[in-house]
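The values are calculated or read from the model by the stated rules, or taken from the named source; none is laboratory data. Fair warning: this is a prediction, and the values are worked out from it, not measured in the lab. Cβ: placed from backbone, ideal geometry, glycine included. Neighbour counts: every protein chain shown.
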Amino acid sequence: MRDPIKASHARELINVINMRCRVASTIFVSQIPIADWHKNIEDPTLADAILDRIVHDALRVDLKGEAMRKLTSPLLKHKKTDEKEGNVATLRHQ
């Protein structure tokens, strides 16, 4: 999710989620913190339904730190070790 989701798109998304729920894996990627997802879905009722299905039984990976493009760019003279840059990946089961 990068931009706010209109109600018509949220209805399409909930249909896809319902078809895949507990049948197949689905990956969601966003630069927006999960705490802000609800307010980025136009229809609050659909937002509740979508987030309930996404968060329930989710395996979540939170990444923090500089983008790897910045760290590995030959144009920038950064340290190459992620640990010194403070990059962290946290794995949590919801």
Filtering region 7-24 down to residues that are closer than 11 Å to ILE54 by Cβ and either touching a Cys at 6+ places or on another chain (Cβ under 6 Å) or of a type outside the set (Val, Ile, Thr) (or both), which residue is modelled with the lowest pLDDT?
CYS21
Exception for GLN31 within (1) part of a loop (DSSP other than H, G, I, E, B); (2) more than 11 Å from the chain's Cα centre (by Cα) falls at (2)
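Pick from ILE27, ILE41, ILE50, ILE34: which is in the same structural domain as ARG2 (by TED's automatic domain parsing), among the β-branched types (Val, Ile, Thr) and out of contact with any strand residue (DSSP E or B) (no Cβ under 9 Å at 6 or more places or on another chain)?
Values: ILE41 fails: out of contact with any strand residue (DSSP E or B) (no Cβ under 9 Å at 6 or more places or on another chain); ILE50 fails: out of contact with any strand residue (DSSP E or B) (no Cβ under 9 Å at 6 or more places or on another chain); ILE34 fails: out of contact with any strand residue (DSSP E or B) (no Cβ under 9 Å at 6 or more places or on another chain).
Among ILE27, ILE41, ILE50, ILE34, only ILE27 is in the same structural domain as ARG2 (by TED's automatic domain parsing), among the β-branched types (Val, Ile, Thr) and out of contact with any strand residue (DSSP E or B) (no Cβ under 9 Å at 6 or more places or on another chain).
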Please tell me if ASP3 is part of a loop (DSSP other than H, G, I, E, B) and out of contact with any Phe, Trp or Tyr (no Cβ under 6 Å at 6 or more places or on another chain).
yes
Only listed residue being in a loop (DSSP other than H, G, I, E, B) and either in contact (Cβ under 8 Å) with a residue 12 or more places away in the chain or surrounded by 11 or more Cβ atoms within 10 Å (Cβ to Cβ) (or both), chosen from ARG11, ARG22, ARG60, ARG53
ARG22
